[in-house]
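The values are calculated or read from the model by the stated rules, or taken from the named source; none is laboratory data. Since the model is a prediction, treat every value here as computed from it, not as a measurement. Neighbour counts run over all protein chains shown; Cβ positions are idealised from the backbone, glycine included. Just so you know, the surface numbers come from the protein's heavy atoms only, side chains and all, with ligands and any DNA or RNA stripped out. Shrake-Rupley method; radii C 1.70, N 1.55, O 1.52, S 1.80 Å.
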Amino acid sequence: SGFTTNGGIRIALPAGFTNVQAIMTAYTSGTATVIINTSSAVANVEAVQFNAANLKTTAYTVDGSGNAISSINSQLETADIINTALTVPTTLSLPTPGTAVAARVGTSNLPNRKGIIITPITATVYWGSTSGVTAATGIPIYPGQVVELAYGPNINIYLVSSVVNTVNIVEES
């Protein structure tokens with residue numbers, strides 16, 4: 001689609017398009033801002049200016065919240081890593097056999113949590129996603145075993161044991 005205009009314009013692309021290109025054929029002055037929002041993956045976003053002397057192009061991708069995802073050595077590399085907080089290992093008591101306890105440090109899940117590390121100290125614990133988890137329905141974690149689960153703050157993890165038990169917990173964000 002070709003056009004000459006100032007201001008915003010919205011173009012609906014047919015389903016299946018994976019490449020988008022904005023070509024500026026005549027630069028005079030000012031700044032052209034091209035924002036491409038998609039609801040599906042776009043394999044290639046390219047900005048082209050035919051007069052190299054006037055080429056003033058920066059292309060970047062945002063993460064859906066308006067935060068720029070930058071390139072490293074002209075390669076777009078992303079990683080969802082733990083880089084904000086790591087709680088001090090905390091001992092969590094499971095004082096009543098058969099009663100599930102939320103696996104967390106403190107009274108609520110760590111904001112922006114990306115993962116949780118669980119290490120039983122005394123005996124096997126069983127984990128699940130509901131407070132109704134039992135030794136029969138949960139997934140076992142054995143004493144001394146270190147298990148890291150990649151669950152965010154909106155997912156609760158519950159632990160239950162068939163004996164009085166202690167567990168070390170670390171939350172990551």
Counted charge near ARG104, where neighbours are those whose Cβ lies closer than 15 Å (Asp, Glu -1; Lys, Arg +1): -1
Accessible area per residue in Å² at 1.4 Å probe, computed on the stretch 72-173: 56 Å²
With DNA, RNA and ligands ignored, accessible area of TYR151 (1.4 Å probe; Å², nearest 10): 80 Å²
Long-range HN-HN contacts of ASN168 with modeled amide H, under 5 Å: LEU92, THR119, ILE121
Alpha carbon Rg of the stretch 78-172, scaled by the compact-globule rule 2.2 N^0.38 Å: 1.02
Residues whose placed amide H lies under 5 Å from that of GLY115, excluding near-sequence neighbours: TYR151, GLU172
Amide H within-cut-off set for ALA85, under 5 Å, with H built and near neighbours excluded: SER173
